[in-house]
Amino acid sequence: MTMLSIRNLHAAVEGKAILKGLSLEVMAGEVHAIMGPNGSGKSTLAHVLSGREGYEVTEGSIVFEGKDLLAMSPEERARDGVFLAFQYPVEIPGVNNVYMLKAALNAIRRHRGEPELDAVDFLRLIKEKAMLVQMDERFLSRAVNEGFSGGEKKRNEILQMAVLEPKLALLDETDSGLDIDALRVVANGVNQLRRSDRAIVMITHYQRLLEHIVPDFVHVLAGGRIVRSGGRDLAVTLEERGYDWLKEEAA
Amino acid sequence: MATSANDVEALISKGYKAGFITEVESDTAPPGLNEDVIRLISSKKNEPEWLLEWRLGAFRQWLKKEAPRWAHVRHQPIDYQAISYYSAPKSRKDGPKSLDEVDPKLLETYEKLGIPLREREILAGVAVDAVFDSVSVATTFREKLAEAGVIFCSFSEAVQNHPELVRKYLGSVVPVADNFYAALNSAVFSDGSFCYIPKGVRCPMELSTYFRINAAKTGQFERTLIVAEEGSYVSYLEGCTAPMRDENQLHAAVVELVAMKDARIKYSTVQNWYPGDEEGRGGIYNFVTKRGECRGENSQISWTQVETGSAITWKYPSCVLTGDNSTGEFYSVALTNNCQQADTGTKMIHIGRNTRSTIISKGISAGRGQNAYRGLVKVTKGADNARNYTQCDSLLIGPKCGAHTFPYIEVKNPTARVEHEATTSKVSEDQLFYCRSRGISREDALNMIVNGFCREVFKELPMEFAVEAQKLLGVSLEGAVG
């Protein structure tokens with residue numbers, strides 16, 4: 001079943017057109033990788049999908065599970081199961097990591113009509129999930145992302161994903177700033193979250209992430225549109241030939 | 001991203017929930033201030049001659065003083081002749097003997113504010129003194145406190161029933177000529193609370209005073225005096241509200257605390273005077289002098305304040321650490337939204353040896369609010385091994401507010417250790433969006449971020465007050481992100 005359907009998406013930032021007719025279909029259970037050179041519109045796509053302000057959609061549509069995603073606020077999208085793992089997770093001093101995540105999960109559970117988890121149940125849940133990304137329990141009680149290293153922040157993102165159990169997970173440059181060990185841990189966490197009823201869209205510049213999280217489809221974004229789609233081997237070709245030959249084709 | 005600033009702006013607007021007016025007949029003195037008015041107040045209260053003289057002495061000092069101009073606040077000059085200095089609900093002549101004699105309308109007022117005065121309805125463990133305009137209307141749990149030897153009554157009653165205690169301690173921490181507003185208060189103070197905790201007694205319940213300004217064109221000048229004798233302990237709470245009115249109203253209180261050897265006083269305030277409207281019309285001018293003296297060895301005074309109301313706050317709860325090994329603490333959250341201005345902080349005066357002080361100040365500015373921390377840490381010559389730790393954090397919400405920090409440090413003893421840390425941060429669109437992308441609403445996200453910022457202070461508040469403070473902060477920020 002089609003989970004996400006993006007049709008002819010045009011989006012601008014401060015009047016400047018970034019996405020120019022992007023289309024993409026994602027089914028439940030699939031893992032898609034969106035690759036592309038810097039400035040091709042990868043992060044813009046992630047932000048438009050998550051509802052970040054300041055991105056103006058000028059044309060096209062995004063339908064998520066039959067609903068008009070663009071008409072929904074960021075929190076409504078999150079409650080309906082859209083999750084964005086940030087490229088640069090934000091620090092929130094004084095707000096306890098566990099506290100925020102509990103508030104988030106309970107907001108989502110309320111929306112689903114499920115009972116809220118109390119502190120004891122939530123702690124049990126988060127400790128179990130923390131093992132998935134080999135996250136030390138110390139980090140749970142610290143302020144959200146405050147003083148975390150790059151790798152710890154990315155792990156924290158995947159921990160949040162594991163707790164919130166989204167239907168659609170968008171990973172924005174999750175590999176950036178990670179050394180090889182941290183990359184392995186994060187990728188391992190994501191792989192364990194692959195499920196037949198969950199879709200994952202990874203946005204990445206380099207194909208090395210794809211060695212660890214093997215996608216079903218690879219798309220190349222250039223000039224605000226998807227210029228080529230293929231399987232795993234397309235990423236390998238890109239690694240060998242770079243993006244320039246595709247940019248020329250797009251032009 | 002051009003929209004973000006406007007959104008944050010839109011989040012800042014609020015509903016003041018204590019802004020109603022109670023229709024009671026009141027006995028109000030005509031506006032104006034002169035010796036006759038002071039004589040009138042004193043005679044209404046049937047005061048002894050020495051107290052009248054004390055008031056008149058203060059008035060003469062006040063005439064020589066000028067209003068302080070150094071605070072980082074702006075307002076039109078106050079016309080002290082346009083204010084009425086005494087207002088009392090008419091129904092009570094000699095003061096109600098029991099709650100049954102209190103005007104039901106007044107009881108209703110306090111109930112609307114969530115402060116039931118009927119003892120059976122009260123949270124067990126909190127005794128309340130309710131001050132309405134110039135007079136105390138009811139003090140609860142008096143008998144139970146008397147069993148422990150604790151005196152808790154209105155200031156006027158203390159003058160009648162315990163004149164020797166009042167005379168001994170009144171003005172002993174804040175002298176009449178201390179500053180312009182303290183001198184004014186000393187001249188015209190109307191009522192307030194008096195607490196006396198005898199030697200070795202741990203006060204069996206929280207004591208609290210609830211102040212309410214109701215009448216128009218009046219000022220409220222309450223006077224609070226708390227004396228904790230050797231080895232005693234008391235926790236005292238104070239709350240304040242006022243109706244919404246277009247004109248500014250003056251509130252100039254004086255609070256004096258005295259802690260003897262090994263005594264401990266914990267004083268908590270949740271101040272929610274009417275802050276004025278979005279355009280800055282109306283609101284209370286809260287010009288208050290609060291000071292405690294750790295007079296005995298090993299004594300401790302701890303101030304915790306949550307200041308969300310008032311058009312202007314000018315307030316520096318301070319500790320004079322006279323006794324050796326005494327400790328002063330100041331924990332503060334001050335929120336300014338819309339056009340509110342706050343200039344608040346503390347003074348820690350180290351006089352005794354091995355004295356310690358801690359200052360944790362959290363300033364939150366939203367809307368066009370201006371928030372200043374002003375603090376003095378003074379270590380006198382004889383204060384060997386004095387230690388101070390100051391942490392002063394400011395949080396900005398939106399692009400039009402301001403945060404200012406004025407720390408003063410005066411050290412005259414080389415063994416002192418004084419630390420000062422300060423931070424300024426902004427609630428950013430990035431933080432709000434991050435929370436929202438996890439399913440948390442914008443309002444909840446803002447509250448979470450602000451509460452996280454204040455946590456170190458809230459944990460110092462007694463339980464019920466901490467909950468109230470969090471809610472109040474939520475209400476005060478309503479609409480502060482849209």
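The values are calculated or read from the model by the stated rules, or taken from the named source; none is laboratory data. Just so you know, these numbers come straight off a predicted model, no measurement behind them. Neighbour counts are summed over all protein chains in view; Cβ atoms, including those assigned to glycine, are modelled from backbone coordinates with ideal geometry.
Some notes on this structure:
- Across region B:413-455, the qualifying residues are those that are acidic (Asp, Glu) and touching a residue at least 24 places away in the same chain (Cβ under 8 Å), and the one among them that is nearest to the other protein chains (Cβ to nearest Cβ) is B:Glu429.
- Test: A:Arg52 is modelled with pLDDT of 95 or more and among the basic types (Lys, Arg): no
- The single condition among (1) within 14 Å of another protein chain (Cβ to nearest Cβ); (2) under 25 Å from the mean Cα position of the chain (by Cα) that B:Thr390 does not satisfy is (1).
- Leading residue by the ranking (surrounded by the most Cβ atoms within 10 Å (Cβ to Cβ)) among those in region B:437-475 that are among the acidic types (Asp, Glu) and at pLDDT 75 or above: B:Glu460
- Selection status of B:Arg353, part of a loop (DSSP other than H, G, I, E, B), more than 14 Å from chain A (Cβ to nearest Cβ) and either touching a residue at least 60 places away in the same chain (Cβ under 8 Å) or surrounded by fewer than 19 Cβ atoms within 10 Å (Cβ to Cβ) (or both): yes
- Some residue of region B:459-470 being more than 30 Å from A:Phe83 (Cβ to Cβ), within 14 Å of chain A (Cβ to nearest Cβ) and under 24 Å from the mean Cα position of the chain (by Cα): yes
- Considering region A:125-158, and only residues there that are within 12 Å of chain B (Cβ to nearest Cβ) and part of a helix (DSSP H, G or I), the residue that is farthest from A:Gly81 (Cα to Cα) turns out to be A:Lys153.
- Just so you know, in region A:159-181 the residues that are within 12 Å of chain B (Cβ to nearest Cβ) and closer than 17 Å to A:Gln207 by Cα include one that is surrounded by the fewest Cβ atoms within 10 Å (Cβ to Cβ), and it is A:Asp172.
- Residues that are among the aliphatic types (A, V, I, L, M), under 12 Å from the mean Cα position of the chain (by Cα) and not in a strand (DSSP E or B), drawn from region B:249-302: B:Ala252, B:Ala253
- Test for B:Ser172: is it of a type in the set (Ser, Thr, Tyr) and buried (at least 19 other Cβ atoms within 10 Å of the Cβ): no
- Positions within region A:106-124 being within 8 Å of chain B (Cβ to nearest Cβ) and buried (at least 18 other Cβ atoms within 10 Å of the Cβ), in sequence order: A:Ala107, A:Ile108
- All of (1) at pLDDT 90 or above; (2) touching a Phe, Trp or Tyr at 6+ places or on another chain (Cβ under 6 Å); (3) within 19 Å of B:Leu225 (Cα to Cα) hold for B:Gly239 with one exception: (1).
- Note on region B:218-233: among residues that are under 17 Å from the mean Cα position of the chain (by Cα) and of a type in the set (A, V, I, L, M, F, W, C), the one that is modelled with the lowest pLDDT is B:Phe221.
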